[in-house]
Amino acid sequence: MKLLEAITKGANILKKNKIPSFFLDSEILIGKILDKKREFIILNQNLEIKKNDYLKYISLIQKRSTHTPLAYLIKSKDFWKSEFYVDNRVLIPRPDTEIIIEEVLSIVRAKKIYNFLEIGVGSGCIVLSILNEIKHLKAVGIDISQKALEVCKINSKRLCLNSRLKLYKSDIDKFDIGKYDLIVSNPPYICRSDLNNLMKDVVDYEPKYALNGGNDGAIEIRKVVKKSSKLLKKGGKLVLEIGHNQKTKVCEILKNNEFYIQKVIKDLRKQNRCIVSIKI
Ligand SMILES: C[S@@+](CC[C@H](N)C(=O)[O-])C[C@H]1O[C@@H](n2cnc3c(N)ncnc32)[C@H](O)[C@@H]1O
């Protein structure tokens, strides 16, 4: 069978199953099986593919039809300037989270900061992207999930950053190691009652411990703020990702824990997404 015919067949199956990006996804999935980049796939649509490869590809198409996220099928997600290994142990890095990277880079470049803490590393997309940019920096990362830490370790080794990142398995409530000039966190912040309204790709496949922010969506945020207030040095900064409707609530939590709100940053859709605050 020719490549184009296989892609079209796969795309039709995905379309029937209401996958919005059906054609792109089938090109990416055949690329995964043939171990070729998308450019190659686009330029070689008359290529004959082996029956065995076709069967492996159709098996991926069937998984994608049930809304298994593409990133979990190809075990990869681009974020900032790197490619990260991902599977169902971690949240798939989101483009909106890149505003945290921009913000942290400007803080680190303006101030003399030598190490920082990330609370809830997941795949490691935040902490590793920052370490990759600023060569003198070291970091500590924690996560409540051992499985997430295993994925973060895979990525830190792949990016040759493992010597500059120390990881701990810990609930933020129980973490007491070190004092920091900078803490970064993208904690789970979805209200428990809203979890089932998320896209099927998210609610059925991504880990609940990375999404569930409890009854009001702010349970983990409260923990992060409270503990950061202890772990940050005076004048240190907390860069926090929040849900688009959480600005007022989180600003109040921060003020109650001796933080001064420096700025609120909007994401690509112009929604409030990140709060930068300073420990008074
Ligand atoms: C929204 S995900 C963010 C992952 C990654 N930093 C990113 O931006 O893609 C939140 C992460 O926090 C971790 N987490 C949840 N509750 C935690 C807690 N109480 N203490 C430490 N980590 C926690 C989860 O396991 C998950 O990996």
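The values are calculated or read from the model by the stated rules, or taken from the named source; none is laboratory data. Bear in mind the structure is a predicted one, so any value in this text is a computation, not a measurement. No Cβ is skipped: glycine too gets one built from the backbone with ideal geometry, and neighbour counts run over all protein chains shown.
Observations on the structure shown:
- Screening F22 against (1) crowded, with 19+ Cβ neighbours inside 10 Å; (2) out of contact with any Phe, Trp or Tyr (no Cβ under 8 Å at 6 or more places or on another chain); (3) closer than 17 Å to E206 by Cβ; (4) not acidic (D, E) leaves a single unmet condition, (3).
- Test set (1) over 14 Å from L29 (Cβ atoms); (2) part of a loop (DSSP other than H, G, I, E, B) - T68 fails condition number: (1)
- Residue in region 91-112 that is more than 15 Å from the chain's Cα centre (by Cα) and part of a loop (DSSP other than H, G, I, E, B) present: yes
- Taking the criterion of being within 8 Å of the ligand (Cβ to nearest atom) and either in a helix (DSSP H, G or I) or touching a residue at least 60 places away in the same chain (Cβ under 8 Å) (or both), the residues of region 120-141 that qualify are G120, G122, C125, I126, V127.
- Whenever a residue of region 142-167 is without any contact (Cβ under 8 Å) to a residue 12 or more places away in the chain, its partners that are away from the ligand (no atom under 15 Å from the Cβ), lying with C-beta atoms within less than 9 angstrom and at least six residues away or across chains, give the pairs S163/K138.
- One residue alone among G217, G243 is part of a loop (DSSP other than H, G, I, E, B), buried (at least 18 other Cβ atoms within 10 Å of the Cβ), more than 10 Å from the ligand (Cβ to nearest atom) and on the phi > 0 side of the Ramachandran plot, and that residue is G217.
- Of all the residues in region 194-214, those that are part of a helix (DSSP H, G or I), over 20 Å from V151 (Cα atoms) and within 13 Å of the ligand (Cβ to nearest atom) number 1.
- Pairing each residue of region 89-104 that is more than 10 Å from the ligand (Cβ to nearest atom) with any residue that is modelled with pLDDT under 95, provided the two are 6+ apart or on different chains, yields C-beta distances under 7 Å for P95/L268; I99/D267.
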